[in-house]
Amino acid sequence: KELGEISSYPPGYKENGAVFCHNNPWVIMAETLLGRGDRAFEYHRAICPGYYEEYTKLHKLEPYVYAQMISGKASPLPGEAKNSWLTGTASWSFFVFTQYILGIRPGFEGLIIDPCIPSSWEGFTLTRRFRDATYRITVKNPDHLSRGEVSIRINGEAVEGNRLPPGKPGEVVKVEAVIRTRKDS
């Protein structure tokens, strides 16, 4: 009891022996910063509701909703999900998946393309609105890397670096990015 709030939770719940999901996206982000896309995606799958639908009866939670925590072995109902719809897990998971695994994140001078994906992926496509322009982005991964040097073409023209300059308001910008082995490796 002298340990504070953590000891006020029953055994196996919240920070007292459960899988606390809210902070897991930060671990996923750290894995991408280390260039470990396979591991980052493995952790993403572990908390993403779409991947554990078979556990719906155990979790007692809608199969499309993130939980704040999954009760641990010391709880009376191990594996039960708690605090759906009340957690930052969903928003943090979306942020980390789009900006660190897919690697499309805003910067002051434009969109940054820096994916850290599972090495098995051939690539992906997405549409991203940024500063009143629409970017149609295709990322190709012919060498099956988790992370590498990204070469970019905007509307067919090669550009230096991995930062897209802001498009004009209303413009549709076609982007092709290819992940290759880094030249300095």
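The values are calculated or read from the model by the stated rules, or taken from the named source; none is laboratory data. Since the model is a prediction, treat every value here as computed from it, not as a measurement. Methodologically, a virtual Cβ is constructed for each residue, glycine included, from the backbone with ideal geometry; neighbour enumeration extends over all protein chains shown. Quick note on the areas: whole protein, heavy atoms, side chains included, nothing else; ligands and nucleic acids left out. Shrake-Rupley method; radii C 1.70, N 1.55, O 1.52, S 1.80 Å.
If a residue counts only when it is of a type in the set (G, A, S), which helices (runs of 4 or more DSSP H) contained entirely in the range 1-67 have at least 3 such residues? Quick ask: steps written out before the conclusion?
Working: elements: 24-33, 37-47, 56-59.
Output list reads 37-47.
Those residues that are over 24 Å from Q99 (Cα atoms) and of a type in the set (D, E, K, R), I need them from the range 1-42; list them, please.
K1, E2, E5, K14, E15
Please count how many residues of the range 125-143 are surrounded by 13 or more Cβ atoms within 10 Å (Cβ to Cβ), within 20 Å of R182 (Cβ to Cβ) and of a type outside the set (K, R).
Residues that pass the stated criteria total 2.
Output the number of residues of the range 162-185 satisfying the condition of being open to solvent by 60 Å² or more (accessible area, probe 1.4 Å) and in a strand (DSSP E or B).
Looking only at the range 162-185, we keep the residues that are open to solvent by 60 Å² or more (accessible area, probe 1.4 Å), and these are 163, 165-166, 168-170, 172, 174, 176, 180-185.
When the remaining residues are screened for being in a strand (DSSP E or B), the result is 163, 172, 174, 176, 180.
Result for the range 162-185: 5.
Which one of these is basic (K, R) and either surrounded by 14 or more Cβ atoms within 10 Å (Cβ to Cβ) or touching a helix residue (DSSP H, G or I) at 6+ places or on another chain (Cβ under 8 Å) (or both): K73, K60? Full working, then the answer.
Working: K73 fails: either surrounded by 14 or more Cβ atoms within 10 Å (Cβ to Cβ) or touching a helix residue (DSSP H, G or I) at 6+ places or on another chain (Cβ under 8 Å) (or both).
Residue meeting the stated conditions: K60.
May I ask you to say which residue of I154, I104 is in contact with a strand residue (DSSP E or B) (Cβ under 8 Å, 6 or more places away or on another chain), aliphatic (A, V, I, L, M) and more than 24 Å from P25 (Cα to Cα)?
Numbers: I104 fails: more than 24 Å from P25 (Cα to Cα).
That would be I154, the only listed residue that is in contact with a strand residue (DSSP E or B) (Cβ under 8 Å, 6 or more places away or on another chain), aliphatic (A, V, I, L, M) and more than 24 Å from P25 (Cα to Cα).
Kindly establish whether A67 is surrounded by 14 or more Cβ atoms within 10 Å (Cβ to Cβ) and farther than 16 Å from N83 by Cβ. Please lay out each step first, then the result.
Working: surrounded by 14 or more Cβ atoms within 10 Å (Cβ to Cβ): yes; farther than 16 Å from N83 by Cβ: no.
Judged against the criteria, A67 is not a match.
Would you please name the residue that is nearest to N16 (Cα to Cα), looking only at residues in the range 32-73 that are at pLDDT below 90 and of a type in the set (S, T, N, Q)?
Residue satisfying both the conditions and the ranking: S71.
How many residues are more than 26 Å from F95 (Cα to Cα), touching a strand residue (DSSP E or B) at 6+ places or on another chain (Cβ under 8 Å) and modelled with pLDDT of 75 or more when one looks only at the range 1-17?
Final tally of qualifying residues: 2.
Across the range 76-103, which residue is surrounded by the most Cβ atoms within 10 Å (Cβ to Cβ) among those that are of a type in the set (A, V, I, L, M, F, W, C) and more than 19 Å from R36 (Cβ to Cβ)? Step through it out loud before you land on a result.
Of all residues in the range 76-103, those of a type in the set (A, V, I, L, M, F, W, C) come to 77, 81, 85-86, 90, 92, 94-97, 101-102.
Narrowing the set further to residues that are more than 19 Å from R36 (Cβ to Cβ) leaves 77, 81, 85-86, 90, 94.
Working: L77: 13, A81: 25, W85: 11, L86: 10, A90: 20, F94: 12.
Going through the qualifying residues, I end up with A81.
Which ones in the range 60-86 are more than 14 Å from E15 (Cα to Cα) and under 22 Å from the mean Cα position of the chain (by Cα)?
Within the range 60-86, L61, E62, P63, Y64, V65, Y66, S84, W85, L86 meet the criteria.
Can you tell me how many residues in the range 1-14 are in contact (Cβ under 8 Å) with a residue 24 or more places away in the chain and in contact with a helix residue (DSSP H, G or I) (Cβ under 6 Å, 6 or more places away or on another chain)? Write out each step before concluding.
Applying the first criterion (in contact (Cβ under 8 Å) with a residue 24 or more places away in the chain) to the range 1-14 yields 10-14.
After this cut, where a residue has to be in contact with a helix residue (DSSP H, G or I) (Cβ under 6 Å, 6 or more places away or on another chain) as well, the list is none.
Residues meeting the conditions: 0.
Tell me whether the range 18-40 contains one or more residues that are within 15 Å of T89 (Cα to Cα), in contact with a His (Cβ under 8 Å, 6 or more places away or on another chain), of a type in the set (A, V, I, L, M, F, W, C) and surrounded by 14 or more Cβ atoms within 10 Å (Cβ to Cβ).
yes
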